[in-house]
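The values are calculated or read from the model by the stated rules, or taken from the named source; none is laboratory data. Treat the numbers as computed from the prediction; the structure is a model and nothing was measured. Every residue, glycine among them, receives a Cβ derived from its backbone with ideal geometry; neighbour counts consider all protein chains shown. Note: areas computed on protein heavy atoms with side chains; ligands, DNA, RNA excluded. Shrake-Rupley method; radii C 1.70, N 1.55, O 1.52, S 1.80 Å.
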Amino acid sequence: MSKLVHAQWSSKMGFVLAATGSAVGLGNIWRFSYLVGDNGGAAFVLVYLACVAVVGLPVLVAEWLIGRRGQKNPINAMSELASKNGHPKAWALVGASGVVAAFLILSFYSVIGGWSLSYTLGSVIGTFTGQDADGVAATFDGLLGNPGLLLLWHTAFMVLVVWIVARGVTKGLESAARIMMPALVVLLLVLVGYGMTTGYFGETLAFMFRPDWSALSGDVVLAAMGQAFFTLSLGMGIMMAYGSYLGEDVKLLGTARTVIILDTGIALLAGLAIFPIVFANGLSASEGPGLIFVTLPLAFGNMTGGALLGLTFFLLLTFAALTSAISLLEPVVEFVEERTPFSRVMATLAGGMAVWVLGIAALMSFNIWPVPIMFGLNVFDFLDTFTSRILLPLTGLGAIVFVAWCLDRRSVADELNLSGGSEQLWHIVGRYVAPLGVLLVFINSLMG
Ligand code: PHE
């Protein structure tokens with residue numbers, strides 16, 4: 001009996017770890033903080049929190065539910081569920097666009113993962129010890145300006161990802177996440193503590209939570225919504241795929257709440273850690289994608305035990321990036337495996353190669369190829385912006401609309417253990433509030 005209980009516990013726990021491993025990554029620390037800085041602080045943060053609650057939670061639950069019912073990969077799960085419920089198989093498109101998104105995202109994700117690796121090594125050899133703001137900025141600019149070096153780190157990161165996926169050791173990684181994730185939280189707390197000693201913590205709180213609504217624009221709202229999808233790994237079928245491993249006994253709503261609280265909490269902690277350093281050193285909050293790389297080394301370089309803490313931090317960040325990256329490569333590999341005669345290893349190599357090549361174009365945006373290619377954005381910014389602001393929300397929208405409009409309302413209510421008022425609320429949010437919210441954000445930003 002006790003064995004049974006334990007087995008259940010560990011599978012539920014394993015699921016939460018896998019989902020959190022995908023969700024928590026560079027998005028929470030690197031991307032969240034740079035977007036907060038770029039988009040005027042609190043207005044962005046509050047809209048982001050609203051998007052997570054109103055759109056992120058229902059979409060996450062919808063993706064898991066589809067995955068659990070479909071018991072297949074996202075494309076087949078969608079088409080089978082659709083025809084079973086008397087709807088066109090074209091719903092499979094929702095699953096398919098996820099593969100494209102995963103491919104595009106991983107290409108630039110790996111470039112940043114490479115930065116994180118490079119900073120891990122930098123911490124080992126003491127690059128940042130005693131540096132001032134100018135020194136840290138010069139180190140970062142030196143990395144960005146050197147395509148060969150960026151290529152080296154991007155390659156190293158992709159090799160790690162491909163190696164992990166090809167060997168199928170993702171399970172081991174997930175159990176490692178059990179230790180690494182709390183450790184990352186502890187280190188962020190240490191950094192927040194350091195931020196409190198800078199004398200700029202109050203300013204940080206005001207920057208992050210006291211909104212200046214004049215900073216709000218269609219663009220800021222779109223960025224916030226895109227970040228909600230990105231950080232929760234939504235709109236790509238990844239959570240659907242995870243859902244297919246879910247046991248019937250797992251409570252979707254409660255589990256989604258856990259994952260979302262962890263993910264959002266880590267992002268907020270990252271902000272609270274980074275902005276005191278920005279303000280204390282007179283740096284610019286709107287530094288862009290380099291924000292954490294010109295702020296955190298300053299803290300580590302100037303605090304006691306900073307060398308070791310810095311090393312640990314970038315190691316943990318790289319680890320978090322890896323667990324997200326493998327979840328991004330997985331759908332690409334599955335796709336290649338199913339469509340070609342390639343074995344799993346070959347499919348991983350081929351998929352990884354293709355991602356790697358696109359990543360090279362992305363990394364050249366920082367040096368030899370900074371010119372805009374589309375909508376005034378260079379390759380890197382285009383990949384980052386287009387995927388999060390358009391592809392992910394559209395696909396996520398498909399998932400929630402499908403669950404709320406195409407599946408039997410009663411059976412969904414049963415599956416989510418909802419009744420009465422809370423069922424009404426779920427129904428209204430799923431049918432109207434979340435989809436209309438996404439549409440409004442789109443329309444609003446199209447109108448400038
Ligand atoms: N959620 C991950 C992060 O925040 C990135 C990711 C996006 C992973 C989409 C998988 C799918 O870093």
Subset of region 272-300 [among the small types (Gly, Ala, Ser) and surrounded by fewer than 24 Cβ atoms within 10 Å (Cβ to Cβ)]: ALA280, GLY282, SER284, ALA285, SER286, GLY288, GLY290
Within region 215-231, how many residues are in contact (Cβ under 8 Å) with a residue 24 or more places away in the chain and more than 16 Å from the ligand (Cβ to nearest atom)? 7
So if I check each of PHE319, PHE335, which one is open to solvent by 40 Å² or more (accessible area, probe 1.4 Å), within 16 Å of the ligand (Cβ to nearest atom), part of a helix (DSSP H, G or I) and out of contact with any Leu (no Cβ under 7 Å at 6 or more places or on another chain)? PHE335
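Okay, residues lined up against (1) of a type in the set (A, V, I, L, M, F, W, C); (2) over 25 Å from the mean Cα position of the chain (by Cα); (3) open to solvent by 70 Å² or more (accessible area, probe 1.4 Å):
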residue	(1), (2), (3)
PRO331	no, no, no
THR340	no, yes, no
ILE360	yes, no, no
MET364	yes, no, no
MET374	yes, no, yes
PHE386	yes, no, no
THR395	no, no, no
ILE400	yes, no, no
Among LEU152, LEU205, LEU160, LEU187, which is the only one that is within 16 Å of the ligand (Cβ to nearest atom) and either open to solvent by 20 Å² or more (accessible area, probe 1.4 Å) or not small (Gly, Ala, Ser) (or both)? LEU160
Expected output for region 232-251 (first residue more than 9 Å from the ligand (Cβ to nearest atom), partner of a type in the set (Lys, Arg) and not in a helix (DSSP H, G or I), Cβ below 8 Å, 6+ apart or cross-chain) is SER244/LYS72
Do we find a residue being open to solvent by less than 30 Å² (accessible area, probe 1.4 Å), closer than 18 Å to MET240 by Cβ and at pLDDT 95 or above anywhere in region 105-121? yes
Being more than 21 Å from the chain's Cα centre (by Cα) and touching a residue at least 40 places away in the same chain (Cβ under 8 Å) narrows it down to one residue among LEU298, LEU322; which is it? LEU298
Exactly one of these conditions fails for TRP369: (1) open to solvent by 40 Å² or more (accessible area, probe 1.4 Å); (2) outside any helix (DSSP H, G or I); (3) in contact with a Leu (Cβ under 8 Å, 6 or more places away or on another chain). Give me its number. (3)
For region 134-148, check the following and say yes or no: at least one residue is more than 23 Å from the chain's Cα centre (by Cα), part of a loop (DSSP other than H, G, I, E, B) and surrounded by fewer than 21 Cβ atoms within 10 Å (Cβ to Cβ). yes
Tell me, yes or no, whether region 252-266 has at least one residue that is away from the ligand (no atom under 16 Å from the Cβ), of a type outside the set (A, V, I, L, M), more than 21 Å from GLY430 (Cβ to Cβ) and open to solvent by 10 Å² or more (accessible area, probe 1.4 Å). no
Given ALA90, ALA50, ALA82, which one is of a type in the set (Gly, Ala, Ser) and open to solvent by less than 40 Å² (accessible area, probe 1.4 Å)? ALA82
